[in-house]
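The values are calculated or read from the model by the stated rules, or taken from the named source; none is laboratory data. The shown structure was predicted, so the numbers you read here are calculated from the model rather than taken from an experiment. Cβ sites come from the backbone with ideal geometry, for glycine too, and all protein chains shown count toward neighbours.
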């Protein structure tokens, strides 16, 4: 089946630093999504990308849909304590009946 | 609050028990999904329902039995589970199953099988 390689697995940063994480795939996706999951909660959608090359921002978050349709990155600028959590990329090759293929997540930890 | 609710939030059951997980969406969506999230593994799709009909069963063991009585409700009936079935079970919904329709997740049910 399809797999997504998400990196890094975890990040330890200082408050105020910028963060960058990415996902790569061996196969093409037509939709890329970035979710954040807090402990004990379900994933919450941050950014959705629908076109190759698309660059989309949501506040301090910016994500891009790679030109090859096999990768995507998420940047967080000027991190704050509430950014702590696990960030997941997800790709969708076709319609929802195919479900989403998720990466293993990037655990973001902010050190005081 | 994403508009998708799940009950119970936590469930502990023995291997011989029968229990059910419930999901309700208040978004007017027509597609609903069950995912399993185990430690150290990516979220895995289990079932997809579109307009109350199952359109995908991702090779899930028969001890998991989904039910979608209407477009707002989705159940996952559990019986004779194994300890390795312990996980966070997430429900999601989307407007349709067409490409580009975003899936919104509920908070999940944390299931522990003893």
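Points worth noting:
- Residues satisfying the stated conditions in the range B:25-45, i.e. more than 8 Å from every other protein chain (Cβ to nearest Cβ) and part of a loop (DSSP other than H, G, I, E, B): B:26, B:27, B:28, B:29, B:30, B:38, B:39
- So residue A:26, is it away from chain B (no Cβ under 13 Å), loosely packed, with under 15 Cβ neighbours inside 10 Å, closer than 30 Å to residue B:57 by Cβ and free of Cβ contacts under 8 Å to residues at least 60 places away in the same chain: yes
- Total residues in the range B:41-64, condition at pLDDT 90 or above and surrounded by fewer than 15 Cβ atoms within 10 Å (Cβ to Cβ): 3
- Residues located in the range B:69-86, provided they are part of a strand (DSSP E or B) and modelled with pLDDT under 95: B:69, B:70, B:79
- Residue check, residue B:107 without any contact (Cβ under 8 Å) to a residue 40 or more places away in the chain, assigned to a loop (DSSP other than H, G, I, E, B) and on the phi < 0 side of the Ramachandran plot: no
- Counting the residues of the range A:66-112 that are touching a residue at least 12 places away in the same chain (Cβ under 8 Å), more than 13 Å from every other protein chain (Cβ to nearest Cβ) and either touching a helix residue (DSSP H, G or I) at 6+ places or on another chain (Cβ under 7 Å) or surrounded by fewer than 23 Cβ atoms within 10 Å (Cβ to Cβ) (or both) gives 21.
- The set of residues from the range B:74-114 being away from chain A (no Cβ under 13 Å), surrounded by 15 or more Cβ atoms within 10 Å (Cβ to Cβ) and more than 25 Å from residue A:38 (Cβ to Cβ) comprises B:75, B:78, B:79, B:81.
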